[in-house]
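Have a look at the structure below before the remarks.
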Amino acid sequence: MERPAWAPRSIDISVPSVSRIYDFYLGGSHNFEVDREAARRAMEFMPGLPKIMQANRAFMRRAVRFAADEGIDQFLDIGSGIPTFGSVHEVAGRSCPGARVVYVDHDPVAVAHSEAVLAGNDDADVVAGDLLKPREILAAPQVRRLIDLNRPVALLLVAILHFVEDADDPYAAVAELSDALAPGSLLVLTHASYEGIPLPAERAEGAVDVYNNIRNPLIMRSREEIARFFEGYDMVEPGLVPMPRWRPEGPLEDDDPYAYSGFAGVGRTA
Ligand SMILES: C[S@@+](CC[C@H](N)C(=O)[O-])C[C@H]1O[C@@H](n2cnc3c(N)ncnc32)[C@H](O)[C@@H]1O
């Protein structure tokens, strides 16, 4: 298989990756045949997967605009993925010129492509980091340069926590990051769940197995388990809801039943 210029030498391009599968669902071009094959296999069980991803991105953009309207001008986006149309720095920069954004991902393609997109941008940067090592993220020079932890920050954990197994204690990682945030900060989160999926659970499980088989288990949590990530936060209205229902900016943007799979919410630190 030929290695395109944007693929770092360090990566094994014969193994599918979560960020490149996601890029494919969103219509991006930073994915390989192995990624597309895995994506298509999952879609045999859940044809509406791209709809879920689009609803996730649309929520993320509304939440970033909400944060900017609240006066937040710094964004820490962990599990940011491969940049694609409507990235956080674009959306935030439009609502709040000069907004600062740090992206964090552990996928080398996501990091390399973010570096390329952000070259020459003094207000945004990317860190190769792991959500499970919050101290390292907070100590990264890019974070220290762009984010002032004495002022409110929007912490984005969008479509990432369902890739962290309970054994790795995602709750502890979120709590450690949350402890570092100034009052008035926001936690912006989406998470996959069997709740709301317009299919019998056995079929949805087929799609989940595709991720398990590529050694990137997808952890479907209940609404109650997802709500626990917001411990210590006051929920912003309307609370933890299916993605299209979180502060739609017009008449409900999406009426595809798949878009109502999983949950989205924003919490504010007291
Ligand atoms: C489905 S994508 C979501 C991208 C973006 N947040 C969005 O919602 O459009 C999930 C991203 O999380 C990253 N990821 C998964 N586990 C991670 C971890 N422990 N630390 C950092 N990034 C992680 C993956 O590499 C992938 O790019």
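The values are calculated or read from the model by the stated rules, or taken from the named source; none is laboratory data. Treat the numbers as computed from the prediction; the structure is a model and nothing was measured. Cβ coordinates were reconstructed from backbone atoms using ideal geometry, including for glycine residues, and neighbour counts include every protein chain displayed.
For region 194-252, filtering for residues that are over 24 Å from LEU49 (Cβ atoms), without any contact (Cβ under 8 Å) to a residue 12 or more places away in the chain and either basic (Lys, Arg) or in contact with a helix residue (DSSP H, G or I) (Cβ under 7 Å, 6 or more places away or on another chain) (or both) leaves 1.
Among helices (runs of 4 or more DSSP H) entirely within region 1-106, having at least 3 residues that are within 21 Å of PRO244 (Cα to Cα), in contact (Cβ under 8 Å) with a residue 60 or more places away in the chain and of a type outside the set (A, V, I, L, M) singles out 49-69. Examine region 101-113 for a residue that is surrounded by 19 or more Cβ atoms within 10 Å (Cβ to Cβ), modelled with pLDDT of 95 or more and among the small types (Gly, Ala, Ser), and state whether such a residue exists. Taking every residue of region 101-113 in turn, none turns out to be surrounded by 19 or more Cβ atoms within 10 Å (Cβ to Cβ), modelled with pLDDT of 95 or more and among the small types (Gly, Ala, Ser).
Residue under question is PHE24, and the condition is that it be under 20 Å from PRO248 (Cβ atoms), within 16 Å of the ligand (Cβ to nearest atom) and among the aromatic types (Phe, Trp, Tyr); does it hold? So PHE24 fails the test.
Report whether or not ALA63 is aliphatic (A, V, I, L, M), within 26 Å of ALA207 (Cα to Cα) and modelled with pLDDT of 95 or more. No: the conditions fail for ALA63.
Condition check ((1) closer than 27 Å to ILE52 by Cβ; (2) exposed (fewer than 13 other Cβ atoms within 10 Å of the Cβ); (3) modelled with pLDDT of 95 or more) across all residues:
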position: ALA116; (1), (2), (3): no, yes, no
position: ALA119; (1), (2), (3): no, yes, no
position: LEU131; (1), (2), (3): yes, no, yes
position: PRO141; (1), (2), (3): no, yes, yes
position: LEU146; (1), (2), (3): no, no, yes
position: PRO170; (1), (2), (3): yes, no, yes
position: SER178; (1), (2), (3): yes, no, yes
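Within region 131-153, the set of residues being within 12 Å of the ligand (Cβ to nearest atom) and touching a helix residue (DSSP H, G or I) at 6+ places or on another chain (Cβ under 7 Å) comprises LEU131, LEU132, PRO134, ILE137. Restricting attention to region 200-228 and to residues that are outside any loop (DSSP other than H, G, I, E, B) and touching a Ser or Thr at 6+ places or on another chain (Cβ under 9 Å), the residue that is farthest from VAL174 (Cα to Cα) turns out to be ALA204. Looking only at residues in region 42-76 that are small (Gly, Ala, Ser), touching a helix residue (DSSP H, G or I) at 6+ places or on another chain (Cβ under 9 Å) and away from the ligand (no atom under 14 Å from the Cβ), the one that is farthest from ARG268 (Cα to Cα) is GLY48. Consider GLU205 carefully, then state whether it is of a type in the set (Asp, Glu), over 15 Å from the mean Cα position of the chain (by Cα) and more than 16 Å from the ligand (Cβ to nearest atom). When the stated conditions are applied, GLU205 passes them.
The set of residues in region 177-202 being among the hydroxyl-bearing types (Ser, Thr, Tyr) and within 15 Å of the ligand (Cβ to nearest atom) consists of THR190, SER193.
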